[in-house]
Amino acid sequence: MAEVMVVTSGKGGVGKTTSTAALGAALAQAGQNVAVVDFDVGLRNLDLIMGAERRVVYDLINVANGEARLNQALIRDKRIDTLYLLPASQTRDKDALTEEGVKRVIDELRGRFDWIICDSPAGIERGAQLAMRFADLAVVIANPEVSSVRDSDRIIGLLDAKTLRAENGETMEKHLLLTRYDAQRAGRGEMLSVEDVLEILSIPLLGIIPESDEVLRASNVGSPVTLNNAQSAPARAYLDAAKRLRGEDVPMIIPSQKKGLLDRLFARRAA
Amino acid sequence: MKQASARPRLCGKLNGKLLKTYRILSKIFGFKASLTTRRPDWDTPSKASQPVIQTPPTRAIRFRGRSFQALALCPEAPFDDWLKDVDAWLERSPGFFGGKPLVLDVTGRECNAEALSHLVKAFAARDIRLLGVEGADAALARAELPPFLSAGKAANFIDMAPVVAAAPEPPAPQGLIIEAPVRSGQSIVHPEGDVTIIGSIGSGAEVIAGGSIHVYGALRGRALAGAYGNPRARIFCRKLECELLAIDGLYKVADEIDAEWRKKPAMAWLENDSVKIKSFD
Ligand SMILES: Nc1ncnc2c1ncn2[C@@H]1O[C@H](COP(=O)(O)OP(=O)(O)OP(=O)(O)O)[C@@H](O)[C@H]1O
Ligand SMILES: [Mg+2]
């Protein structure tokens, strides 16, 4: 049965698009049929991160408004053939999306894929609400700092109020993905600890993605980090998170600061 | 919300409870004045047993019922002689009337429109402002005169009186139990009684209750207890990290809360018009 999963955060720039691409690719690498859908109409990014920007013809709005068929708009990944992208329009704005249109697209995607991953725009307005509207579960992205965590708390409230599942009285499954976790800074107490964030948000933890240059490196070459360098720390963290999404019990590793300390020692010597 | 619901209480209190304690009679000069604006039930000595923290003064921006103990001035005929006595009194204690609520009580006095206006003007000339006139014939009421208070009824508030009369009996307190965290941006409003949260109140979330608020979790957002006029309401939480606490419209923001109480189980209540906090550790 298809799972519609929204990747959302409230706050901007915390890693929604990065995570959508990485989790989508990780699930597809495991043989699942995956469609990643860019809901960030007007600020589309997912096509770049997926390296598909030069193949975009039709987009979500075209399909939602009946101007194009789903097949015409879906872009198949060049590396994994069970991974598809439904891009956003860069020239329209979020008002061009209607709830009925989105529902039709999601329903059609449900018939073809195991996972439909919706990359939400930042904010709590219409765009973000449409991205979560038909979701079965949510991945809430937060960075370990107070403003991001409070925005995530806000989004969790919306997930429990504004989604179709919530309105039907069903529970909305929510998972926390803590991204850009910097073990050194956490060790110095400059960031919220994992426990702090979990205590505040009180939803289950899906994974902790370390802050890493690998993420930027991967996005520069238009590749989800799990595909670009599967051995890197962020890729391994995303691959584990994808396994947990599929119900596997994978031990959670909190990125330690040990390596960070060594790094700093070497950095000093070199200087 | 506060203003709208509390406004009728303003005259409700004035109507019923304008306390008359000291009568200045022209012949009695040697009495001890100890005026208070507190409600009598707050003057109980119980506060000594409770820890009282030093905090900056609580700002109060609100409308709420308040009963004052007013000085009732009872002029005696001939009024001009009586006014001379008042002057003598003022000479000995200049500024005695300053800032105190004063009522001119002419009950049982021969006081026609002219005499009344003369008295009121005489007080104005002495820089003494009157809160109201008591015991005068209602027919003498004029716009330029202070409000007429008769048997605790303020004639000027007559248009508001129906509001007071129509105010329904407060419904039997009803508790509301919320079995989930209150998330940032959410607002729980429950005028009917207590609110119990099984979970935390997130930063940027608020709970507004007519009664007390119980938080079986961390209180990181705002809790407004007794928000519809109940100074006896309290706030309890397992972990105090709040942005704002308010009881009966009086509030404290995080900045005004001593670090000593933070992150601990705590209770907040109202005492002497300020929000007090104590920890359960
Ligand atoms: N784990 C990480 N380590 C280092 N940089 C990261 C990490 N995750 C994300 N970033 C960087 O943070 C920036 C924002 O990431 P991303 O675009 O995924 O966020 P977003 O939540 O989708 O933003 P928006 O709200 O604008 O859509 C990007 O430059 C990305 O490379
Ligand atoms: Mg994005």
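Working note: Karplus 6.51/-1.76/1.60 with θ = phi - 60° gives the range B:216-223 the couplings 8, x, 7, 9, 9, x, 10, 10 Hz, where Gly and Pro are set to x.
Kindly identify the range A:109-209 as rounded, prolate or oblate by the Cα gyration tensor criterion: order the square roots of the eigenvalues as a ≥ b ≥ c, call it rounded if a/c is under 1.5, otherwise compare a/b with b/c, prolate if a/b is larger, else oblate. Don't jump to the answer; show the numbers that get you there.
On the way: a/c = 2.20, a/b = 1.89, b/c = 1.17.
The shape class here is prolate.
At the nearest 100 Å², what buried accessible area, both sides summed, do you get for A and B when the probe is 1.4 Å? Counting both chains, the buried surface is close to 900 Å². Please give the residues of the range A:110-147, grouped as numeric ranges, whose backbone N is less than 14 Å from a label point set 7 Å along the Cα-to-Cβ vector of A:THR171. Answer for this model: A:137-138.
Here the label points at A:GLN90 and A:ASN220, each 7 Å from Cα along the C-beta direction, are separated by 2.0 nm in the simple model.
At a Cα cut-off below 12 Å, give the aspartates and glutamates reachable from A:LYS174, other chains included and same-chain residues fewer than 8 away excluded. By straight Cα distance, A:LYS174 reaches A:ASP136, A:ASP153, A:ASP160. Modelled label positions at A:LEU137 and A:ASP213, each set 7 Å beyond Cα in the direction of Cβ, lie 3.5 nm from each other.
On the principal axes of its alpha carbon atoms, the range B:194-281 extends 27, 24, 22 Å, with the longest extent given first.
When you count, for each residue, the other Cβ atoms within 10 Å and take the mean per peptide, how do A:15-23, B:201-209 rank with the highest first? Write out the running numbers ahead of the final one.
On the way: A:15-23: 28.2, B:201-209: 24.7.
The densest-packed peptide leads the list: A:15-23, B:201-209.
Under conditions of 10 °C and 1.306 mPa s, chain A yields 85 µm² s⁻¹ as its translational diffusion coefficient, taking Rh as the Kirkwood radius over Cα pairs in the Stokes-Einstein equation.
Could you give the dipole magnitude of the range B:176-279 about its Cα centre, charging the beta-carbon of Lys and Arg +1 and that of Asp and Glu -1, in debye to the nearest 20?
Here the range B:176-279 has a charge dipole of around 340 debye.
Farthest toward the positive end of the dipole of the range A:185-245, out of A:SER193, A:ALA230, A:PRO210, is the Cα of A:ALA230, where the dipole comes from beta carbon charges about the Cα centre. For B:HIS190, B:HIS214, the ranking by accessible surface with the largest value first comes to B:HIS214, B:HIS190, using a 1.4 Å probe.
Other protein chain C-beta atoms within 10 Å of residue C-beta, averaged over B:202-212: 2. Partner shielding of A:151-159 amounts to 6, given as the average count of beta-carbon atoms from other chains within 10 Å of each residue beta-carbon. Simple rule: put +1 on each Lys or Arg Cβ and -1 on each Asp or Glu Cβ in chain A, find the dipole, and look at A:GLY10, A:GLY31, A:SER120; the Cα lying farthest toward the positive end is A:GLY31.
In whole percent, how big is the carbon plus sulfur part of the accessible area of the range A:141-194, probe 1.4 Å, protein atoms only? That fraction is 41 percent. Placing +1 on the Cβ of every Lys and Arg and -1 on the Cβ of every Asp and Glu, with no other charges, gives chain A a dipole of roughly 820 debye about its Cα centre.
Normalised by residue number, the volume inside the convex hull of the Cα atoms of the range A:120-271 is 138 Å³ per residue.
Contact-buried residues of the range B:181-201, at a threshold of 50 Å² lost accessible area versus the chain by itself: B:ARG183, B:SER184 (1.4 Å probe; DNA, RNA and ligands ignored). Computed extension length for A:ALA68-A:GLU99: 9.4 nm, one decimal, from 0.36 nm per residue of separation with the Cα-Cα distance subtracted.
Averaged over the residues of A:195-202, the number of partner chain Cβ atoms lying within 10 Å of the residue Cβ comes to 3. Packing order of peptides A:161-171, A:54-64, highest average first: A:54-64, A:161-171 (average count of other Cβ atoms within 10 Å over each peptide's residues). Can you give me the angle between helix A:16-29 and the longest principal axis of chain A, using Cα atoms only, in degrees from 0 to 90, rounded to the nearest 10? On a 0 to 90 degree scale, this one is about 80. For B:ALA209, the amide hydrogen comes within under 5 Å of the amide hydrogens of B:HIS190, B:LEU224, B:ALA225, B:GLY226, B:ALA227, counting only partners 5 or more places away or on other chains and with H modelled in the peptide plane.
The values are calculated or read from the model by the stated rules, or taken from the named source; none is laboratory data. As the structure is a prediction and not an experimental result, all values here were calculated from the model. Please note: Cβ atoms are built from the backbone with ideal geometry, for glycine as well, and neighbour counts cover all protein chains shown. The protein model used for the area step is the full one, side chains on, heavy atoms only, and it has no ligands, DNA or RNA in it. Shrake-Rupley method; radii C 1.70, N 1.55, O 1.52, S 1.80 Å.
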